[in-house]
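**Student:** My questions all concern the structure below.
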Amino acid sequence: MPRTRTGPVRRRRHKKIVKMMKGQWGTRGRLFKRSNEAMLKSLWYAYRDRRRRKRDMRRLWITRINAASRMNGMKYSRFMYGLKQAGVEIDRKMLSDIAVRDPDTFRKIAVISSMNQ
């Protein structure tokens, strides 16, 4: 059986990866070896940061709720405890949105929370 050569297949594979890294700085967007390293690293960063984004958003929501609850004379932990005792099932994302967009409604929720402590 004759030996096969990888010329066209390898070229297509290399071109695909270099094309993916188009726009990278220096040789990362021109040379296959550097492009491949950059591609692997960028895919790893993307995987990691999809998970990190969820953590960061939750931290942002908690910060916003804390700021709004302190404006209403409560700490974040007491505010959330009061909501849990009152049986209010609004998640942090919605609470943070209410705190930013509608302070009057948030004030009413804070009153509900303070009554149940």
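The values are calculated or read from the model by the stated rules, or taken from the named source; none is laboratory data. Predicted model only: the values in this text are computed from it and were never measured. As a convention, Cβ positions derive from the backbone with ideal geometry for all residues, glycine included, and neighbour counts pool all protein chains shown. All accessible areas refer to the heavy atoms of the entire protein, side chains included, with ligands and DNA or RNA removed. Shrake-Rupley method; radii C 1.70, N 1.55, O 1.52, S 1.80 Å.
**Student:** Check off (1) touching a His at 6+ places or on another chain (Cβ under 9 Å); (2) open to solvent by 80 Å² or more (accessible area, probe 1.4 Å) for F32 and give me the number that stays unchecked.
**Tutor:** (2)
**Student:** Right, here's the next one. State whether the residues of the stretch 42-56 include one that is open to solvent by less than 90 Å² (accessible area, probe 1.4 Å) and in contact with a helix residue (DSSP H, G or I) (Cβ under 7 Å, 6 or more places away or on another chain).
**Tutor:** Initially, the stretch 42-56 is screened for residues open to solvent by less than 90 Å² (accessible area, probe 1.4 Å), giving 42, 46, 48-49, 56.
Then drop every residue that is not in contact with a helix residue (DSSP H, G or I) (Cβ under 7 Å, 6 or more places away or on another chain), which leaves none.
No, the stretch 42-56 contains no residue that is open to solvent by less than 90 Å² (accessible area, probe 1.4 Å) and in contact with a helix residue (DSSP H, G or I) (Cβ under 7 Å, 6 or more places away or on another chain).
**Student:** Which residues, counting only those in the stretch 36-70, are within 11 Å of the chain's Cα centre (by Cα) and among the charged types (D, E, K, R)?
**Tutor:** R48, D49, R50, R51, R52, R53, K54, R55, D56, R58, R59
**Student:** Collect the residues in the stretch 61-81 that are open to solvent by less than 70 Å² (accessible area, probe 1.4 Å), among the hydrophobic types (A, V, I, L, M, F, W, C) and in a helix (DSSP H, G or I), keeping them in residue-number order.
**Tutor:** If the condition is that a residue be open to solvent by less than 70 Å² (accessible area, probe 1.4 Å), among the hydrophobic types (A, V, I, L, M, F, W, C) and in a helix (DSSP H, G or I), then W61, I62, I65, A67, A68, F79, M80 are the ones that fit.
**Student:** Here's a check for you: in the stretch 82-114, which residue that is farther than 25 Å from R53 by Cβ and hydroxyl-bearing (S, T, Y) is surrounded by the fewest Cβ atoms within 10 Å (Cβ to Cβ)?
**Tutor:** Selected residue: T105.
**Student:** Test of understanding: among R3, R13, which residue is part of a loop (DSSP other than H, G, I, E, B), modelled with pLDDT under 95, open to solvent by 100 Å² or more (accessible area, probe 1.4 Å) and not hydroxyl-bearing (S, T, Y)?
**Tutor:** R3
**Student:** Here's something else I'd like to know. Within the set of pairs 6+ apart or on separate chains, which have a first residue in the stretch 102-115 that is touching a residue at least 40 places away in the same chain (Cβ under 8 Å) and farther than 10 Å from A86 by Cβ, a second that is in a helix (DSSP H, G or I) and open to solvent by less than 80 Å² (accessible area, probe 1.4 Å), and C-beta atoms under 7 Å apart?
**Tutor:** Pairs that qualify, where the first residue is touching a residue at least 40 places away in the same chain (Cβ under 8 Å) and farther than 10 Å from A86 by Cβ and the partner is in a helix (DSSP H, G or I) and open to solvent by less than 80 Å² (accessible area, probe 1.4 Å), are A110/S69; A110/F79.
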